[in-house]
1. Find all pairs meeting these conditions: Cβ atoms under 9 angstrom apart; at least six residues apart or on different chains; first residue within region B:504-518 and farther than 21 Å from residue C:42 by Cα; second residue of a type in the set (Ser, Thr, Tyr).
2. Restricting attention to region B:70-84, which residues are acidic (Asp, Glu) and either more than 9 Å from the chain's Cα centre (by Cα) or closer than 14 Å to residue B:95 by Cα (or both)?
3. Consider residue A:24 against the criteria (1) buried (at least 16 other Cβ atoms within 10 Å of the Cβ); (2) at pLDDT 90 or above: it satisfies all of them except one. Which criterion is unmet?
4. Considering each residue of region C:399-452, count those that are more than 8 Å from chain B (Cβ to nearest Cβ), open to solvent by 10 Å² or more (accessible area, probe 1.4 Å) and of a type in the set (Ser, Thr, Tyr), and give that number.
5. Check whether at least one residue in region B:354-366 is open to solvent by 30 Å² or more (accessible area, probe 1.4 Å), closer than 26 Å to residue B:579 by Cβ and at pLDDT 95 or above, and report yes or no.
6. For residues that are modelled with pLDDT under 95 and outside any loop (DSSP other than H, G, I, E, B), scanning just region B:311-327, find the one that is least open to solvent (accessible area, probe 1.4 Å).
7. So in region C:123-147, with the set limited to residues that are over 21 Å from residue C:104 (Cα atoms) and within 11 Å of another protein chain (Cβ to nearest Cβ), which one is surrounded by the fewest Cβ atoms within 10 Å (Cβ to Cβ)?
8. Of B:133, B:96, B:114, which residue is within 12 Å of chain C (Cβ to nearest Cβ), part of a loop (DSSP other than H, G, I, E, B), among the hydroxyl-bearing types (Ser, Thr, Tyr) and within 27 Å of residue B:197 (Cα to Cα)?
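The values are calculated or read from the model by the stated rules, or taken from the named source; none is laboratory data. From a predicted model like this one, the values you see are computed outputs, not experimental measurements. Ideal geometry is used to build each Cβ from the backbone, glycine not excepted, and the neighbour counts take in all protein chains shown. Just the protein is used for accessible areas: all its heavy atoms, side chains included, with ligands, DNA and RNA removed. Shrake-Rupley method; radii C 1.70, N 1.55, O 1.52, S 1.80 Å.
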Amino acid sequence: MKHTLTVLVENKPGVLTRIAGLFARRGYNIESLAVGRTENPAISRMTIVVEGDDRVIEQVGKQLYKLIEVIKLTDITNDEHVDREMILIKVNADPAIRGEIMQIVEIFRARIVDIGRNSLIIEATGDEGKINAIESALRPFGIKEVVRTGKIAMARGAKSKNGRNQEAL
Amino acid sequence: MTSLPLKQREKMLHEVSQELHTNEFTGAEILLKALEAEGVKVIFGYPGGAVLPIYDALYKNKNITHILTRHEQGAVHAADGYARSTGKPGVCIATSGPGATNLVTGIANAYMDSIPLVAITGQVALAALGRDSFQEADITGITTPITKYSYLVKDVKDLARVVHEAFHIATTGRPGPVLIDIPKDITTKKASFNYPPELDLQGYRINNVINATQIGKAAQAMLEAKQPLIFVGGGAVASGAAEEVTSLAQMLSFPVTYSLMGKGAFTDNDELCLGMVGMHGTVSANYAMWEADLVIGIGVRFDDRVTGDLSTFAKNATVIHIDIDPAELGKNVYAHIPIAGDVKQVLRELLKVLKAKSVKPDLKPWLEKIAGWKKEFPLRYEKSDRLIKPQFVIQQIYEVTKGEAFICTEVGQHQMWTAQYYALSEPRRFISSGGLGTMGFGLPAAMGVQIAHPDKIVFNIAGDGSIQMNSQEFATIAQNKLPINVAILNNHNLGMVRQWQELFFEERYSHTNMSGQPDFVKLAEAYGLKGLRITRPEDVRPALEEAVASPSCYILDFHVDDTENVFPMVPAGASINNILGR
Amino acid sequence: MRLTGAQALIKFLEEENVKYIFGYPGGSVLALYDALLESSKITHVLVRQEQAAVHAASGYARVTGKPGVCIATSGPGATNLVTGLATAYMDSIPVVAITGQVSTDMVGTDAFQEVDITGITMPITKHNYLVKNVDDLPVIIKEAFHIASTGRPGPVLIDLPKNVAGKVFDYRPVAKVELQGYKPTYKGHPAQIKNLAGLLAQAERPLICSGGGVISSNAWEDLKELAEKVNAPVTTTLMGLGSFPEDHPLSLGMLGLHGTPYANYAVQNCDLLIGIGMRFDDRVTSAVNKFAPQAKVVHIDIDPAEIGKNVAADLPIVGDVKFVLNELLKRINPRRNDAWLEQIRAWKKSHPLAYGDNQSSLRPQYILQKLGELTKGKAIVTTDVGQHQMWTAQYYNFTKPRSFITSGGLGTMGYGLPAAVGAQLASPDSLVVAVTGDGSFQMNMGELGTATEQKLPLKILLLNNSHLCLVKQLQYFNSGKRYSGVCFTGNPDFVKLATSYPGAVGLRIEKPEDVEPVLIEALSNGKLTLIDCCISDEELVYPVVPNNGALDEMIYYPGGEK
């Protein structure tokens, strides 16, 4: 099954390479990976979606921990959490069918961020299900280009996962 | 059917099943069939657990010769030497783990010099991957920075296509090494052999279109130049453009200099040739580069060993830069007229345009100036009738071989002296590690060269430091009876480093003196090879003549003046008109 | 203190009590070499190829337990370290490798002798650094030594650009390492240790399997105490040889692919298997699903990632082996296990290690047995990789830790001679013997020059069969005796080769009766000596577990049962 891991790492050059290399070397499958700074500029947070059974995920966690720059790792798959992904879709949109597209946009609470002569760029944010749904809803119109950010996630509640203490996986 | 005699029926069934079976091959067989399809005749390698099925298939194969080296580093350098001297891709094979990691230096070496190479490594079985299994190493990860591309084959059905792609990538565009990592169980699984006639590589396209506007601009600049200089590099050799370079230079009477990698792309014996440029280049080449108003870089990458201080390099010149790799254009030196494309094609286009023009630039003052420099600052060294001067040995090798030998070198002072003093008139004759500067390259490379050219004279010119790095390959030479001549310029030092310590560290010689050297003559004899020690200048010539005349491998231990330095020299990072030892 | 980066580095190494650096100079490490000249405390050993520098540092580390240090220049110097780093990584050996790099302004331009060595070595180092700013250097070197030598040890590489090495700065030593993401677990979980004590109290057929982790955590005394107290027989992995004296009645020798029959039988019949500081490598377990079928498996290791990686552990204990054993010893009562020990004695008797008749022809096993006898198992023995390595493991009889220096995980041919150079410098009064084969020896034989230069009285026991015989053996069993690419016809006369180095001695053993006198001569002459032993290429390593077989399905020496 798919697991969502949040990984706090030191914000240093080469960290992403180390993690990507580790996944390749050990044969783990990355579904998506998103990375950015946290509230502390010295620390980055990655959200990694990995496919694998419990034993694989256990190894993934332990091997990641061995990287010196990995500070903390949490599998939030089974925790209450919010996850979001953003998609930009460039879709064919002759003036005649724009109305129909706008309706879909509204249903998904997405936005139109650029209008060309025969195309629109639509921005949508949501969980994976919603993103997949809007993509398939727009497909009949002719999708010209799609870009997705990959998932980012955060556990619900007051407790911060960016704390300094390590938590066992 | 039942009416058929039993024997006949059995025979038929047997034939049918044979037919079915012959359509299915093991991964190892598919690999070899693919290599055959690529025209591979020789592979250099070293067996081990993970490549056993490949070696078993090799045992049954009649078309591919396997050369067993004594270290995998020897295998990859030999494949490299084979490739450099023939222009065809070299192939080497090693087992997983240490076998694969032992290829790393050789792969990096080929990568830096853009040499087409296909390295095949065994890997642990798929199920054992990623578990730190015995002799497991993540060789695709390790070699990512030093290969043009690398593959880990996870399905036997992909193997034929992967091999085809690997050869395509290694040999086209800017050539380079490609690694194929094959897990052991892939080599025993069966599949049909489908060699795809077409390849579909989305991210790898060769640009065959040459920008005519740029050609026009370049031609114009060339016709207007007063002080032009052609600067030719390894790219001209790789693209087989020696003829075009020569036509261009001679048509316009442009002087020519070359990088270490470009040696041989333009004959040293032409009046227009200034020899090598850069750190140990000739004074005339460096001065010409300094004063040129037009530099035509052909298949070069303006490496730091060539340019010295980048901010002052060719500062008065318009730069035309022709290279197949667009990433090289403007990387180190700004190109006023960049032309991306295969050097040979670009030069042909350029020649067409130039031939149509009737005006020729008047270069008399420039050529006279250059002739003046050549006269005033020739390559020179202090002659001695007591000590053997290393430059003298190179000159003698040149004379004895009439300039027609394949010359391999290691890395160090001897390499620079060879580049300076061995005049060449053909490309692919000078086999040397340029970009990575790999000591230990020359001896195994010479094996690859000799195997590719069994009837030619092959020299490996070495230092005593370098020769010890892969000296185990004397056994491969003995096993294959290769008549390579090894000339060791023995100064009992890591001479080039010693030279830097003398010049830039106030003669504080730190760990560059080597005691504990073997007696190289005895070492040769231990292999049943011929060894000669030469300690007097007058013995140099006869020793070389004996070696060249004999069909045996000779190890010639020249005890040379150990205080000799390589001059001229532009200190690292200095402007190239700032020359020591003019 | 105003120092250049290079001077600061050397000063730091002095403060860390580094005695030897193994290296090879080149353009981008000139400043380091210049600073080395000023050091009276550090001896630089000039090798003949950088691969040997890292192997020698690794040999030094294995003998002393302290990190070995090596230096190479940028480009080919750095790439020549790769095999040695991978070797050290697989065997968890503390090594600090320092490589030169082109100046920071040239990094990434494909400059002369530039190579992305931190990128290349990511998969084969515990950690690595590219020093971009000289002010970071004190922290980096401190961290590097800390990371290399603590937790599960391993190699760390520091890539030092030429201009950083030459830059003057205000050097202040760093007192303490603070790494947010690196905090090894030393103390095993008390409840788990208690559980292990409980299992030991119930087990009737316990077996201890000791690996390299017992040696790196210096826990051999504790292991012995444990084994004796609960009367548990001990088998060792290749890396664990020496962690338990092989002349001890509870010793079963090595297990695995070429393990002793009784060790392998014990694994397949025990009811409790305690793996200590080992990683259930495929050479140990063979078919994992048939491994130790009757046993509860306890796995003690400092690296949590090893636990459950290959073999599922019924009881995992993450922690430093020495700490865990100490705690365990406080909680256990003596056990006798008489029936089990009786069974093991019976196996030892019925299925001893066996080889062919040593009267009529020269047997490598016999040579190694004699070597073990003559040195009383007290020499430091290094090996290369191949048949000779397995025979050494089987027949030498190791009795003390840190005396068997071999490449286990990566199986690196060419390791033995340079490792012996490091071992001899680490322990100048010890007798150091490099056992090797003709294939392996040739891989780094240039190091005869280093041994000569350093005047090291190494003994090189070369089991010469003019073949790559372990590969040949695999072809014998798996490829229908189709021997491909394994025959060396161009081999040198190794005695002549050895004596081409000034002061070195070359000896030859051709007949069984030569063995004792020649070995005695070699071991007592105080000189660098190569002994060329002319053995048959028909000899096979027995026992051998067939591909994917269970350990007790091993092929035993034909006719050797008693």
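1. Close Cβ pairs satisfying both conditions: B:517/C:452; B:517/C:501; B:518/B:471; B:518/C:452; B:518/C:500; B:518/C:501.
2. Residues of region B:70-84 acidic (Asp, Glu): B:72, B:80.
If the condition is that a residue be acidic (Asp, Glu) and either more than 9 Å from the chain's Cα centre (by Cα) or closer than 14 Å to residue B:95 by Cα (or both), then B:72 is the only one that fits.
3. For residue A:24, the failing item is (2).
4. Qualifying residue count, region C:399-452: 3.
5. Taking region B:354-366 and keeping what is open to solvent by 30 Å² or more (accessible area, probe 1.4 Å), we get B:355-360, B:362, B:364-365.
Restricting the remaining residues to those that are closer than 26 Å to residue B:579 by Cβ gives B:364-365.
Keeping just the survivors that are at pLDDT 95 or above gives B:364-365.
Checking region B:354-366: at least one residue is open to solvent by 30 Å² or more (accessible area, probe 1.4 Å), closer than 26 Å to residue B:579 by Cβ and at pLDDT 95 or above.
6. Filtering region B:311-327 for residues that are modelled with pLDDT under 95 and outside any loop (DSSP other than H, G, I, E, B), the one least open to solvent (accessible area, probe 1.4 Å) comes out as B:312.
7. First, pick out the residues of region C:123-147 that are over 21 Å from residue C:104 (Cα atoms): C:123-126, C:142-143, C:145-147.
Adding the requirement that they be within 11 Å of another protein chain (Cβ to nearest Cβ) leaves C:123-126, C:143, C:146-147.
Values: C:123: 22, C:124: 28, C:125: 25, C:126: 25, C:143: 21, C:146: 18, C:147: 26.
So, considering only residues that are over 21 Å from residue C:104 (Cα atoms) and within 11 Å of another protein chain (Cβ to nearest Cβ), the one surrounded by the fewest Cβ atoms within 10 Å (Cβ to Cβ) is C:146.
8. On the way: B:133 fails: within 27 Å of residue B:197 (Cα to Cα); B:96 fails: within 27 Å of residue B:197 (Cα to Cα).
Exactly one of B:133, B:96, B:114 is within 12 Å of chain C (Cβ to nearest Cβ), part of a loop (DSSP other than H, G, I, E, B), among the hydroxyl-bearing types (Ser, Thr, Tyr) and within 27 Å of residue B:197 (Cα to Cα), namely B:114.
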